[in-house]
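**Student:** Starting off with a structure, shown below.
Each value in this text was obtained by applying a stated rule to the coordinates, not by laboratory testing. Since the model is a prediction, treat every value here as computed from it, not as a measurement. Cβ atoms come from the backbone with ideal geometry, glycine included; neighbour counts cover every protein chain shown.
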Amino acid sequence: MRFLENFLLTDRNTLKLPSRARFFAAPETRDELHSLLNTVTARNLPVMVLGGGSNVVFAGDFQGLVLQPAMRGIRCIGETAGHYLVEAEAGEPWPDFVQYCLARNWYGLENLSLIPGTVGAAPIQNIGAYGVEITDRLHSLTALELATGRVREFSHADCRFGYRESVFKQDLRDRYIIARVRFLLQKKPVLKTAYADIQQELAVRGIDAPTPQQVATAVIAIRTRKLPSPAVLANAGSFFKNPVVSVAVLDEIKSRFPDVIAYPQADGAKLAAGWLIEKAGWKGRSIGPVGAYEKQALVLVNHGGATGADVIAVASAIQQAVTSMFGVQLEMEPRIYGI
Ligand SMILES: Cc1cc2nc3c(=O)[nH]c(=O)nc-3n(C[C@H](O)[C@H](O)[C@H](O)COP(=O)(O)OP(=O)(O)OC[C@H]3O[C@@H](n4cnc5c(N)ncnc54)[C@H](O)[C@@H]3O)c2cc1C
């Protein structure tokens, strides 16, 4: 397996940031991945795993190997009375995987339609949308330890999923490459249509007993309307997590801003980060080539020619504005590399 050298990553990240990797490789088979990891171990190279680049900010060059899994394949490997066990290789594009499953009547992923990225990256931050997260559907996964190439199986419990969290962002950060993921998908659909956006979209289409494909189509329509396509306007989706605050903090904010958007949680509330950013005056505002998207303040966009430093400067300015107005700290969702 050949390493490409001094590889430009602009077209490998959806923010279109122009970093370079000292080495780059995209293994297409399990064997290629194994032999690559053996070489890496022998050479003692730092490794960064890259999926579709839709949740990263490159703030500098990477002086090691950027490894982008390109293994493809989807198969049903078992079934129970109510479910199919479906396995997909890490390099499968996530939106195509969702459509592939729907076309075969394997249900449960419709609300996660059109989320950019790869199957291998989906467990990293437990992707979620419209009331479903992959923790609800994931059965297990296979990963390889970067330092040794050793294969390890992870059960659902091993992944320790949380809101945009997993063990791969915490204790095992940068330790493993996810090679394939297994999902338990329903034979009979159990649709989740409670979100107001989905309800409205189905109503507009005159659908009151939707099929899974109709839910997926509705989700795709909503997302297309609300979020900029990275192919048209460079972005990394939601740039900040929705902050979770205590009841006391929520009450204090409510006393000043009765229209605050908050979702109740077990021990407090999750605030809509987009609302906080908009209230802080950042919707549609830019510094140089980077700004908060005019239709959704939570999304930072690169209007052209930005560097990672430009993105981080805007993100920091937004964090400061939100902290000084609400006393709440916003946490960035994408992984920042190179600082
Ligand atoms: C327009 C837009 C909308 C979005 N909407 C949503 C949404 O609704 N919900 C949501 O949850 N996210 C959303 N995202 C974020 C993003 O799509 C997800 O986080 C996605 O899972 C990232 O996949 P990726 O392949 O692009 O990963 P990358 O951005 O390439 O990588 C992200 C992280 O995962 C690690 N990683 C990637 N692949 C592997 C692997 N095989 N093994 C180990 N580590 C790996 C990388 O090292 C990096 O730290 C959105 C992004 C965009 C641009």
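**Student:** To the nearest 0.05, how large is the calculated FRET efficiency for residue 254 and residue 295 if R₀ is 30 Å and r is the Cβ-Cβ distance? Before the final figure, lay out the partial values.
**Tutor:** Values: r = 26 Å, r/R0 = 0.86.
Computed FRET efficiency for residue 254 and residue 295 comes out at 0.70.
**Student:** Which of the aspartates and glutamates could a cross-linker bridge to residue 188, judged by Cα under 16 Å and excluding same-chain residues fewer than eight apart?
**Tutor:** List returned: 79, 110, 136.
**Student:** I've got another one for you. So what is the 222 nm mean residue ellipticity for the chain from helices alone, if each DSSP H run of at least 4 adds -39500 (n - 2.57) and you divide by all residues, rounding to the nearest 500 deg cm²/dmol?
**Tutor:** -8000 deg cm²/dmol
**Student:** Over 27 Å between C-alpha atoms is what I'm after, so list which of 192/241; 169/283; 187/241; 192/295 land there.
**Tutor:** Pairs exceeding 27 Å: 169/283; 187/241.
**Student:** Loop-only GluC sites (Glu not before Pro) in the stretch 9-106, please: DSSP not H, G, I, E or B, and at most 12 other Cβ atoms within 10 Å.
**Tutor:** none
**Student:** Just how far, in whole angstrom, is the stretch 61-83 from the stretch 100-161 if you go by their alpha carbon centroids?
**Tutor:** With the stretch 100-161 and the stretch 61-83 each reduced to a Cα centre, they are spaced 9 Å.
**Student:** Can you give me the distance in nm between label points at residue 226 and residue 29, each placed 7 Å from the Cα along the Cα-to-Cβ direction?
**Tutor:** The modelled label-to-label distance comes out at 4.3 nm.
**Student:** For Cα pairs less than 8 Å apart in space and 6+ apart in sequence, what is the mean separation divided by the residue count of the stretch 193-339, i.e. the relative contact order in percent?
**Tutor:** Over the stretch 193-339, the number comes to 22 percent.
**Student:** Under a 10 Å cutoff between Cα atoms, tell me which one of 290, 40, 232 has the largest fluctuation in the Gaussian network model of the chain.
**Tutor:** Judging by the Gaussian network model, the answer is 232.
**Student:** A further question on this structure: Once you charge only the Cβ atoms, +1 for Lys and Arg and -1 for Asp and Glu, what is the size of the charge dipole of the stretch 234-337 about its Cα centre, to the nearest 20 debye?
**Tutor:** Working: 9 positive and 9 negative charges, 28 e Å.
Dipole magnitude for the stretch 234-337 comes out near 140 debye.
**Student:** Can you pull the one-decimal nm distance between simple spin-label points at residue 287 and residue 145, each 7 Å off the Cα toward Cβ?
**Tutor:** Those two pseudo-labels are separated by 4.2 nm.
**Student:** Compute, for the stretch 71-117, the length of the dipole vector about the Cα centre, with Cβ point charges of +1 (Lys, Arg) and -1 (Asp, Glu) only. Units Debye, rounded to 20.
**Tutor:** 60
**Student:** If a/c stays under 1.5 just call it rounded; otherwise compare a/b with b/c (prolate if a/b is bigger, oblate if not). Do that for the chain, with a ≥ b ≥ c from the square roots of the Cα gyration tensor eigenvalues.
**Tutor:** It comes out oblate by the Cα gyration axes.
**Student:** Hey, in the GNM for the chain with a 10 angstrom Cα cutoff, which one of 176, 100, 84 fluctuates hardest?
**Tutor:** 100
**Student:** Over the stretch 74-186, what is the relative contact order in percent, taking alpha-carbon pairs closer than 8 angstrom and at least six residues apart?
**Tutor:** Averaging sequence separation for qualifying contacts and normalising by length gives 32 percent for the stretch 74-186.
**Student:** What's the local net charge at residue 57, with K and R +1, D and E -1, over the other residues with C-beta under 12 Å away? Before the final figure, lay out the partial values.
**Tutor:** Values: positive: 16, 335; negative: 310, 333.
Combined, the nearby Lys, Arg, Asp and Glu give 0.
**Student:** Further question on the same structure: What is the Cα centroid distance between the stretch 207-270 and the stretch 301-339, reported in whole angstrom?
**Tutor:** Taking the Cα centre of each part, the stretch 207-270 and the stretch 301-339 sit 19 Å apart.
**Student:** Just 126, 105, 302 to compare: in a GNM of the chain, with alpha carbon springs under 10 Å, which one fluctuates most?
**Tutor:** Among 126, 105, 302, the largest mean-square fluctuation in the Gaussian network model of the chain belongs to 105.
**Student:** Here's a follow-up. Normalised by the residues of the chain, what does the relative contact order come to in percent, with Cα pairs under 8 Å and at least six apart?
**Tutor:** 17
**Student:** Helix hunt in the chain: which complete DSSP H runs extend at least 15 Å axially by C-alpha with mean Kyte-Doolittle at least -0.5?
**Tutor:** Correct list, ordered by number: 212-226, 308-326.
**Student:** Another one. Can you list which of the trypsin sites (Lys or Arg not before Pro) found in the stretch 1-91 are DSSP loop residues with at most 14 other C-beta atoms within 10 Å?
**Tutor:** Answer in residue order: 2.
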